[in-house]
Protein chains: 2
Amino acid sequence: MRRLQDVGEHVWIRRWLRRLGAGPGILIGPGDDAAVVRTRGRPFALTTDTLVEGVHFRRAWLDARALGRRVFAVNASDLAAMGAAPRFALLAVEAPPRIRVADLDGVTAGFAAAARRAGAQLVGGNVSRAPRLALTAFLVGEATTRSPTRAGARAGDALYVTGTLGATAAAVRALRAGRRGRLPPIPDRVRAGRMLARVANAMIDVSDGLVQDLGHVCRASGVDAEVELAALPVAGACRRALGAAAASFAAVGGEDYELLVSVPPRRLAALRRLVPALGCRLSRIGRVVAGRGTVHLHDLAGREVELARRGFDHFAR
Amino acid sequence: MRRLQDVGEHVWIRRWLRRLGAGPGILIGPGDDAAVVRTRGRPFALTTDTLVEGVHFRRAWLDARALGRRVFAVNASDLAAMGAAPRFALLAVEAPPRIRVADLDGVTAGFAAAARRAGAQLVGGNVSRAPRLALTAFLVGEATTRSPTRAGARAGDALYVTGTLGATAAAVRALRAGRRGRLPPIPDRVRAGRMLARVANAMIDVSDGLVQDLGHVCRASGVDAEVELAALPVAGACRRALGAAAASFAAVGGEDYELLVSVPPRRLAALRRLVPALGCRLSRIGRVVAGRGTVHLHDLAGREVELARRGFDHFAR
């Protein structure tokens, strides 16, 4: 088994450079001090996100290629929430010297393949020694339409969410309990994001849990939100694993990477026309009301539900 | 003393967002899923580099603000080597929960200040929990002139290097030996890079040691290089610490972040006209000859010098 320390950083990088091709908009590709690219004069969206071994994933939970795809996908999700389409990507790898070359190859291949499928190119990166595997991606997305922020939600808006919630949180719960299995893949909502951006007052991707991410929107917009627990599109796997607690679990689970959208009444007809082309389910889950940044969850009887935790904080004790 | 785990990720981020202003070209600033920016229709350069605690620095070697400035500077150096000027920056922080908030503030403030001084804006980032402090920056630079790659060196070119070599490597050597001190700051060669890009056949920044980085140029260009050890601009501190061995030490030391430039004979007159405006010393250190990727070092007597090590590899044993 070959490890990175046997091959060396520069040999590994040179071998990879030969595999990465040129592409549209790339003037100078990977392998130089910086990649040089161009877009068609449109604004572009910039985002970064990191996955750290032992914090965001364990190696037993997904193979190397799936990990590479996942790093791309969590970043693409941020672009989707701005209505932007991925165009260029960089991947910064931190790895221990004893990492298997096959694993590093797998991560890079998975990332590059996911980028290509999304219409983007891996144009650069970096490899550093570190105690643990950590992967930071940077994506440059082309803003092809208006970019809805977190601050645009207004009282009277309807709240929608794409896809389903709770599948990854339920999987993580089972894996942590020692059951065997894999993390479900992250949904691709880039196309949905571009379409929803046309009608959204505000949009965010649900990465730290619906309640927490909706809270970010509420605070940024200066409004409250009312969400019906019964209206949440709970993933089947989550429902089977959590039973009656599934909806409140899914409301705070995190890592859904679905889009949460706030749509004003005057654009609801336009929204309905978009739905068949979104490529995913779209569920109405509540509404925006006047307030100062609080998310209220209601059960079927209309009673407000108190949650023990509101979402994910890397550093909370 | 407040630690990050006492404050929480989201509170810390929100407080920072209030301090980061808007700026030219920024349509949507920090705090959303992605920043949205625009350039003036020019190509742009993308680069990323990581500093890991215990690998690239120790906390005793530089204070938090200097660390933040350093992360910006190592990335800006890559842009300088492409003749590009920094415009937008993202900072991905990995930190242990017990990190002092004051340290995290210092790193971010140092980074943001260095970006502003260079004409760039910090428009986004990420904070993740990790066992050790690691900082990955991503810079978008505007390519304001032609971008010289590593592959353009031709036999007959003259080789030049900016500034001086060996100061950081000598400081690291002393610090590792237990002496007290600080890492010297990284030189700002963005202006020099933009000017030198106009006359360079090839350019690279010297981060892993002159011999190794020149080797990258030689391999990419399909040429050899001949370097006169006596012509290397060895930093005073390095010369004092290493004595007679200073030049060969400086040739492989690394972390100089100076620019190595390969200039064809027909552009030497233009180069001479640029020198007074570069803002730094420029030394002729050798020449490019026909070959297949090897760097030859010569002493004063013209004899070829063999080096025990050729430069820095994160993973070499």
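Using the Karplus relation 6.51 cos²θ - 1.76 cosθ + 1.60 with θ = phi - 60°, the per-residue 3J(HN,Hα) values for segment B:146-151 come to 5, 10, x, 8, 7, 9 Hz, with x marking Gly and Pro.
Counting, for every residue in A:37-43, the Cβ atoms of other protein chains within 10 Å of its Cβ and taking the mean gives 5. Taking packing as the residue-averaged number of other Cβ atoms within 10 angstrom, the listed peptides A:152-158, A:121-127 run from highest to lowest as A:121-127, A:152-158.
Would segment A:4-143 count as rounded, prolate or oblate if I go by the C-alpha gyration tensor, calling it rounded below 1.5 in a/c and otherwise prolate when a/b exceeds b/c, oblate otherwise?
Working: a/c = 2.15, a/b = 1.36, b/c = 1.58.
It is oblate, given that a/c is not under 1.5 and a/b is not larger than b/c.
The mean count of C-beta atoms from other chains within 10 Å of the C-beta of residues in B:90-100, rounded to a whole number, is 3.
Residues in segment B:278-287 carry Karplus couplings, in order, of 5, x, 7, 5, 9, 10, 7, 10, x, 8 Hz; the curve used is 6.51 cos²θ - 1.76 cosθ + 1.60 with θ = phi - 60°, and Gly or Pro positions show x. Per residue, the average separation of C-alpha pairs within less than 8 Å and at least 6 apart gives chain A a relative contact order of 21 percent. Annotation: amide H of A:VAL234 within the under-5 Å range of A:LEU165, sequence separation 5 or more or interchain, hydrogens built in the peptide plane. The stretch between A:ASP299 and A:ALA174, if pulled fully straight at 0.36 nm per residue, gains 42.4 nm over its current Cα-Cα span. Looking at chain A as a GNM with Cα springs under 10 Å, which of A:ALA231, A:ALA247, A:ALA76 has the largest mean-square fluctuation? With Cα springs under 10 Å in chain A, the top fluctuation among A:ALA231, A:ALA247, A:ALA76 is at A:ALA231. Inter-copy label distances at B:GLY8, shortest first and taken from points set 7 Å along Cα to Cβ: 5.0 nm. Normalising the Debye intensity of segment A:158-298 to I(0), with uniform scatterers on Cα atoms only, and taking log10 at q = 0.16 Å⁻¹ returns -0.80. Relative to the longest principal axis of the Cα atoms of chain B, helix B:101-117 runs at roughly 50 degrees.
Each peptide in A:236-243, A:203-210 was scored by the mean count of other Cβ atoms within 10 Å over its residues; highest first, the order is A:203-210, A:236-243. Note on the protein assembly as shown: Cα-Cα pairs beyond 43 Å make up 23% of the total pair count. Here the protein assembly as shown is treated with +1 on each Lys and Arg Cβ and -1 on each Asp and Glu Cβ, and its dipole about the Cα centre works out to around 460 debye. Temperature 37 °C, viscosity 0.692 mPa s: under these conditions the Stokes-Einstein estimate for chain A, based on its Kirkwood radius over C-alpha pairs, is 160 µm² per second. Averaged over the residues of peptide A:215-228, the number of Cβ atoms from other protein chains lying within 10 Å of each residue's Cβ is 1. Evaluated at q = 0.18 Å⁻¹, a Debye calculation over the C-alpha positions of segment A:229-314 (equal weights, vacuum) places log10 I(q)/I(0) at -1.00.
For A:GLU304, inter-copy separations between label points set 7 Å beyond Cα along the Cβ vector come to 8.0 nm, shortest first. Using just its DSSP H runs of length 4 or more, each adding -39500 (n - 2.57), chain B gives a mean residue ellipticity at 222 nm of -9000 deg cm²/dmol after division by all residues. The modelled label-to-label distance for the pair A:ARG59/B:ARG272, using points 7 Å beyond Cα in the direction of Cβ, is 5.9 nm. Put simply, the amide H of A:GLY209, placed in the peptide plane, has neighbours under 5 Å in A:GLY254, A:GLU255, A:ASP256, leaving out anything fewer than 5 places away on its chain. Simple point charges give the picture: +1 on the Cβ of Lys and Arg, -1 on the Cβ of Asp and Glu, and for segment B:4-143 a dipole about the Cα centre of about 340 debye. Between the alpha-carbon centres of segment A:68-143 and segment A:275-294 there is a gap of 30 Å. Compute the Cα gyration tensor for segment A:110-229, then decide on rounded, prolate or oblate, letting a ≥ b ≥ c be the square roots of its eigenvalues: rounded whenever a/c is under 1.5, prolate when a/b is larger than b/c in the other cases, and oblate in all that remain. It is oblate, given that a/c is not under 1.5 and a/b is not larger than b/c. Here A:SER283 yields copy-to-copy label distances, from shortest upward, of 6.7 nm, the label point defined as 7 Å from Cα along Cα to C-beta. For A:ALA225, the amide hydrogen comes within under 5 Å of the amide hydrogens of A:VAL289, A:THR294, A:VAL295, A:HIS296, counting only partners 5 or more places away or on other chains and with H modelled in the peptide plane. On the basis of the beta-carbon distance and an R0 of 22 Å, B:LEU307 and B:ALA244 show a calculated FRET efficiency of 0.90. With contacts taken as Cα pairs under 8 Å at a separation of at least 6 residues, segment A:157-276 carries a relative contact order of 49 percent.
Every read-out reported here was derived from the displayed coordinates using simple, explicitly stated rules and does not represent laboratory data. The model shown is predicted, which means the values in this text are computed figures rather than measured ones. As a convention, Cβ positions derive from the backbone with ideal geometry for all residues, glycine included, and neighbour counts pool all protein chains shown.
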